[in-house]
Amino acid sequence: MNRKDKAFLKRISAELKRDAESIVLPDSLSTESIAELIKNNAGAVSPDEIYTAAAPDKGFKVLATPARKVLATAAVFVLIVASALVYRNLDRPVLGPEQSSEAGAQESGADTGNSETDIHASGGQTDGNKGDSDKKDPENKQGESAAEKYQIKVDGVKTASSYDEIENKIKKAYKKANSPGLFTNFFGLFATKNAVSDEGAPGNIAEESRSLGSTPGFGKTNEQVEGVSEADIIKNDGRYLYIFSNKGVQIVDTQDNSLKKTALIKLNDLIKANTSGESGSVYSYSKAFNDGYYGSDVRELYVLNNRLAAITSIYEPDYRENNSSTGKSVTKVTVFDISDKAAPKELLSYSQDGYYVSSRIYNGRLSLVTEYGIAYYGNDALLEETAVPKTDVNGASGRIAPDSILIPEDASTTNYLVVGLIDKLEKGSKIDTKAVLGGAANIYSSGDNLLAARSIYSNEIAANIFNFGTTSMTTNSGKSEILAFSLKDGKVSLTARGLVDGTLLNQFSMDESNGYYRIATTDSKGNNVFVLDKELNVKGSVTGFAPGEQIKSVRFMGNTAYVVTFVQTDPLFVIDMSDPAKPVIRGELKIPGFSQYLHPIGNNLIIGIGRGGTETGVNNDAKISLFDVSDPTTPREIDAVSLKYSYIDTNHKAFLSVPERNMYVIPLRRALINGDVYYRDIPGLTAFSVENRKIVIKDTYTFEETGSMIRGTYIGNVIFAIDPYYGVWAVNMDSKELIDNVIFN
Amino acid sequence: MTEANTRVQKAIGGDAQAFAELYSIYAKDLYRFALYCLKNEKDAQDAVQDAVLLAFTKIGSLRNEAAFKSWLFKILSNCCKTRLMKSSASPVFLDISSAEHITGDDENIPASLKSELLEVLDTLSAEDREIVLLSALAGYKSHEIAEMLGCPSSTVRSRLARALKKMREQLKD
């Protein structure tokens, strides 16, 4: 563990333990009580009962022991619908439990195991051990012949001439740094603190263009750019739901007012095929892995035109190094033909080294971006294996060819940014992969392009990192390197490289419009918005605003940029971008708390969701704001709803629009409070609309005991609440009745 | 033979009191862990009781006192997981009448409420949260956690590092 992590762990340990001090062991768990419990009950509980309670085909079981109350299994639910337009301090009566007419159907656990088809990813395993033969063979295993060497025409970047050249470069940089422990930070020293994931990105919803015609509307992934698909943990095609649970991809049929599990693509099968054939590495799966529980923490998918692409990322440890945790992450895309929903057929599997950063699908082409850490530790023999990332196509693996490895000047030598492109979601598709030396990035795409922005630091700071293992990264004195790639014709090519001050928050910090790129960053002097041309030269900028604050959300909409910065209060900046050479701040609004997600809804109104606050900082409330930006010089917050002790999932993909009902649905986790005492959290979905310039909370659906945040989607008048770890509930939005539910086992 | 091993011997022999004494060394840690995993007192109590009963039933498979702690936590961890996965079949729709339009009041947040750290913990996946809790709260080393969860210790290390990084970024707000 690196020094930063150790220090942080120490800090949170202290805080957690201090927090835990106030927790009192209840009487029922005292030594005496436990002794009594054992005496009275030993033998009443069989190990099988506890371990199989959640097993498939057994529905639900309840552990009934004399020492505790028996839980009722009847499905009961309590529904409250908030109906008033605006409510202040209303004392709502709580309705009592109602017996649902669905109770009978609930009992069996709604597990229609018979119709479920288990899919085994067929991977086409060849003897994947091509590592040795690769050394002498510079050919790219994906079919690029030696004759078609990739030519690069970007200043300051060249391709590698050989593997030796790369290894030498890495060794040289390592000697210079001369600090062995630092290379064990898997994400690399030069990764920006914001670089790696898209999580929590504020939304930038494309204009809704679906017609409200005769086919029922259904939920679509809230994507940054219309036409450019983003992967998500749930997908909806208007009849089937595709949910990436920790067991695998569950395909659920929602027809005929019921939920039916149609197929399961097992996670185990998706990830097992990754791990054979690497020469010399010893890798064994434990039972936990086989159970799928710890298999892959990346689980996202695409569903388009009868094709399903599942993305998984696993860590392959390498036990040859006894004294450090070396290994690598490998990210894989598995493509299925789902013309027959009950029997998905694998068409192709492609993996590339590195931990998943992001992906997109545009015009049927899937781009995959990962960050690959180079394991060296001064061990030259190890470096021969790890200096260059590998790819694997349907079981045939090999290193990326030297001419597909791009080396920018002054690149950090601890990581690669790897960009893979699958031309078609079909068997035998051509695949191109390039690796760029240097760390992870935020990714943006507006079509057949990819923009990658990653932090680099000045040599001075780099020296500090090497020598002392830490740097005051909070000063954000770094710059960001911007790389522009073209994905045309199924080939990844670097087209431009630029540099801007500051670091980016996430994918929404970038935008493309009318031939220009716009980028929002934060640095030590303040916050900036840059306009760059296609060659990534800075054309215009506004810099240094809100010094000392950090960008919390960004939204580029046509000729205007909305930027939320925060330290104690949230200034919302409105920036006029109509002249690329001269972006200008028009207006500013200071309010408590901050928005992490901005969603324009027309009529110059923007919804913001995020955290509430007071004059001195953020509090424990979730907040929904409504901004009027009709006058850019005076943006106003015209309404806000504060939800006590609650938490909104501000991941942009979690924001669901239901245009047919003029409604928005967000995952909201509420705290159940009794006076002063916090009892527990209840996850759920909250639906609201904007009426007469006010936020109106419509319905809230909450789920008593699932642990995770719920995601929502809908088809017609049915809303589906999905807990990817657990199952799906279908509720009629008009009658509020529970229609059906399925549990994933 | 040490006193502890005597206790284990007795517990194996069916001595409930001896077992309870062994348990008492870890009682607080077990309860806290369950509470952070399941986030409510009732479930945490039930989970600890489940784990204890199960452990007593299975104690014949335990070899020595040193292994007791991680073995017991492993059982508790599984009980918590089962509880989370099992939960309830039925949704409960609750009132959100305490949602109110902002009045600008400065609320006095009760001390018993979650801190920002705990909230950030909640944004982790259940598996990652568990690893962080076992490490930060219960103080286990990664090889111990690996043993409890049944996965390679390098996996624990890399997941822990990733989870800490994620938490660190959020807390920098």
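Structure shown: which of A:Lys582/A:Lys653; A:Lys261/A:Lys341; A:Lys10/B:Lys166; A:Lys17/B:Lys166 lie over 22 Å apart, alpha-carbon to alpha-carbon? Pairs exceeding 22 Å: A:Lys582/A:Lys653. Once phi is turned into ³J(HN,Hα) by the Karplus curve 6.51 cos²θ - 1.76 cosθ + 1.60 with θ = phi - 60°, what whole-Hz value does each residue of segment A:492-499 show in order, with x for glycine and proline? Here the 3J(HN,Hα) series is 8, 10, 7, 10, 7, 9, x, 9 Hz. Amide H to amide H distances under 5 Å link A:Ile456 with A:Lys479, A:Ser480, A:Glu481, where only residues 5 or more positions off or on other chains count and H is placed in the peptide plane.
The residues of segment B:116-171 present an accessible area of 25 Å² per residue when probed at 1.4 Å with all protein chains retained. Accessible surface comparison of A:Val538, A:Val665, probe 1.4 Å, protein chains only, largest first: the order is A:Val538, A:Val665. Converting phi to 3J(HN,Hα) with the Karplus coefficients 6.51, -1.76 and 1.60 and the offset θ = phi - 60°, segment A:587-593 yields x, 8, 9, 10, 9, x, x Hz in sequence order, with x at every glycine or proline.
Summarising the amide proton neighbourhood of A:Gly587: residues at separation of 5 or more, or on other chains, whose placed amide H is nearer than 5 Å comprise A:Val574. Per atom type, segment B:116-171 shows carbon and sulfur on 49% of its accessible surface, probed at 1.4 Å.
Of A:Asp410, A:Asp164, A:Asp699, the order by accessible heavy-atom surface (1.4 Å probe, DNA, RNA and ligands excluded), from most exposed downward, is A:Asp410, A:Asp164, A:Asp699. Ranked by solvent-accessible area (1.4 Å probe, protein heavy atoms only, all chains present), the residues A:Arg3, B:Arg159, A:Arg636 order from largest to smallest as A:Arg3, A:Arg636, B:Arg159. Converting phi to 3J(HN,Hα) with the Karplus coefficients 6.51, -1.76 and 1.60 and the offset θ = phi - 60°, segment A:12-26 yields 6, 4, 4, 5, 5, 5, 4, 4, 6, 4, 7, 7, 9, 5, x Hz in sequence order, with x at every glycine or proline. In this structure, the amide hydrogen of A:Gly354, modeled 1.01 Å from its nitrogen in the peptide plane, lies closer than 5 angstrom to those of A:Ser329, A:Val330, A:Thr331, counting only residues at least 5 positions away or on a different chain. When the pairs A:Lys247/A:Lys488; A:Lys171/A:Lys539; A:Lys172/A:Lys525; A:Lys158/A:Lys525; A:Lys235/A:Lys698; A:Lys172/A:Lys434 are compared against a 28 Å limit on Cα-Cα distance, A:Lys247/A:Lys488; A:Lys171/A:Lys539; A:Lys172/A:Lys525; A:Lys158/A:Lys525 fall above it. When accessible surface is computed with a 1.4 Å probe, chains B and A are found to bury approximately 10600 Å² between them, both chains counted. Taking only the alpha carbons of segment B:116-171, we obtain Rg and Dmax values of 10.6, 31 Å in that order.
Using heavy atoms of the protein chains and a probe of 1.4 Å, the accessible area assigned to B:Lys58 is about 70 Å².
Seen from A:Pro580, the other residues with C-beta closer than 15 Å to its C-beta sum to a net charge of -2, counting Lys and Arg as +1 and Asp and Glu as -1. Per-residue SASA remark: A:Met557, around 60 Å² accessible (1.4 Å probe; ligands, DNA and RNA not included).
The values are calculated or read from the model by the stated rules, or taken from the named source; none is laboratory data. Given the structure is predicted, the values throughout are model-derived calculations rather than measurements. Cβ atoms come from the backbone with ideal geometry, glycine included; neighbour counts cover every protein chain shown. All accessible areas refer to the heavy atoms of the entire protein, side chains included, with ligands and DNA or RNA removed. Shrake-Rupley method; radii C 1.70, N 1.55, O 1.52, S 1.80 Å.
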